[in-house]
Ligand code: ADP
Ligand code: ZN
């Protein structure tokens, strides 16, 4: 057949090969593309780097060639639209974007192309799409049979339960009400069962076929360590295992981002800060350097990352606990998109658990939402405390069964476990005695001193050396006590309250006190030799 005939082929495989230069579809792509090209609705769950873009780009081209008009792509991110349109342009696919960065003249030119039916794909931000002016253009296209497909990228943004919720996404259901016959494809890289159900409901995708790819990222090695001296622990990771590598270090607060970046720079690392409070120009400059230069360590809040397509990020480190497993999965997923070995490293401690719990408790949300947030946090804590394969746990959270991976800390160095049931009961009864004796509670540090029988000023002041629980836990190391308390808080048997984080028993503590609930914990890793951290202050 002639070149000309090939170029106009509507066969997905021809399009993949001729337009994109790839030999074959990957994983579920073929099934998705066939379904959507034929006019079916689809919900696609694929991990980052899985190849979601082609799932709607190939059908868009096929349908445009068949005279069905333009595919509207809803995308929340300007940077992403820019990259995608640039890449499509290079491949010779006529596409454009409409967002706030376009000048009036440019926007009008795009609109003219759109209305003439010349565009194969149009990327637009949701708030733009829902304007009366834009909807009127869609009406006109639709009347002429030139609105081919609607693709909704980052579909999890529609879920209020997720961490990327965008109000404007809620309005997207209007598109379906307005154009019920136009097929839709929604795509996301993160969705547990609950978020998935939410997406289906809010976007009215009940009859869409779901395509769920494996969420496994086998090249990522998961490592979760107990916080001891987090900065030193991080520095060891960067120096011993990732010298000269590009990576991201996530912190919770803007201040901590700046402090950590400055400290790492002082240690001779090529570290830069990124958070939403920085000047836009500084943010752009730091981001450009991360993308362009070799071996930049970006210290950032979670404001950094979505839509950043850097394939050779070798590590993602968390100095603070994410809110839930979806957040953890999405953030760590930015490592190793090129398929090369990468590390997802997290340090977490008792204070993280206490803080996250408190943020939920003190938040404005209603009780139902708080309950869900707590359950999601608990699932993350269970992952952090796990003594078996991290990957098995992680994938199980996304309803995917798997075998121990051999590429996580627990598989590589199986931790010893101990039966902490007895210790847990001792801690609970000590908290109980505090309240009985003083009428109020104390924090974790003091509790551990009392359990271990340490005579401190506070102990003598309060007369706590006379408590029956004084010294009953001398045989358990301080670090192990912290792990017991973390677990008790995570399991909801103990609550940490007030500005001093005093510990209180909850109703469920009784069952543990009576001994009905076994508690198995990992033995904390050996603390590093003292000499390595003598250079403080
Ligand atoms: P996602 O949006 O799911 O994170 P992308 O669509 O950006 O993933 O694709 C990730 C990378 O994989 C891109 O560089 C893309 O060109 C490449 N890719 C996708 N599908 C294929 C394929 N069938 N063959 C070869 N490379 C592919
Ligand atoms: Zn494993």
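A simple spin-label model places pseudo-atoms 7 Å from Cα toward Cβ; at residue 475 and residue 174 they are separated by 6.8 nm. Listed by Cβ neighbour count within 10 Å, with the fewest neighbours leading, 368, 504 appear as 368, 504. Between region 198-212 and region 11-47, the alpha-carbon centres lie 19 Å apart.
Please work out the FRET efficiency for the pair residue 436 and residue 292, using the Cβ-Cβ distance as r and a Förster radius of 60 Å; give the result to the nearest 0.05.
FRET efficiency, residue 436 to residue 292: 0.45.
Inter-label distance, residue 417 to residue 209: 4.1 nm, where each label sits 7 Å from its Cα along the C-beta direction.
Across all Cα pairs in region 419-481, the calculated P(r) in 5 Å bins from zero up to the longest distance comes to 4, 20, 35, 26, 11, 3, 0 percent per bin.
Taking the mean number of other Cβ atoms within 10 Å as a proxy for protection, how do you rank 343-355, 198-210, 281-293 from highest to lowest?
So the peptides 343-355, 198-210, 281-293, ranked by packing, come out 343-355, 198-210, 281-293.
With the convex hull drawn around the C-alpha atoms of the chain, the volume per residue stands at 171 Å³. For an R0 of 56 angstrom, estimate the FRET efficiency from the Cβ-Cβ distance between residue 265 and residue 38 and round to the nearest 0.05. That gives a FRET efficiency of 0.55. Using C-alpha pairs below 8 Å separated by at least 6 residues, the relative contact order for region 326-456 is 11 percent. In percent, rounded to a whole number, the relative contact order of the chain is 12, using alpha-carbon pairs under 8 Å and six or more apart.
By the count of neighbouring beta-carbon atoms within 10 Å, fewest first, 329, 397, 22, 432 end up ordered 22, 432, 397, 329. Antiparallel as a % of all DSSP beta bridges within the chain, to the nearest 5? Around 15 percent antiparallel, to the nearest 5. Counted by neighbouring Cβ atoms within 10 Å, the residues 455, 512 run from fewest to most as 455, 512.
Take the Cα of residue 103, step 7 Å toward its Cβ, do the same at residue 399, and the gap between the two points is 5.0 nm.
Every helix of 4 or more DSSP H residues in the chain counts as -39500 (n - 2.57), and over all residues that averages to -12500 deg cm²/dmol at 222 nm. Given the C-alpha centroids of region 245-314 and region 224-244, what is the distance between them in whole angstrom? Value for the Cα centre distance between the two parts: 17 Å. What's the whole-number percent of alpha carbon pairs in region 305-367 lying beyond 21 angstrom? Within region 305-367, distances greater than 21 Å cover 36 percent of Cα pairs. Averaging Cα coordinates gives a centre for region 434-489 and one for region 72-105; these two points are 60 Å apart. At an R0 of 41 angstrom, the distance between the Cβ atoms of residue 367 and residue 22 translates into a FRET efficiency of 0.25.
No value in this document is a laboratory result; all are computed from the given coordinates. Treat the numbers as computed from the prediction; the structure is a model and nothing was measured. Glycine also receives a Cβ, built like all others from the backbone with ideal geometry; neighbour counts cover every protein chain displayed.
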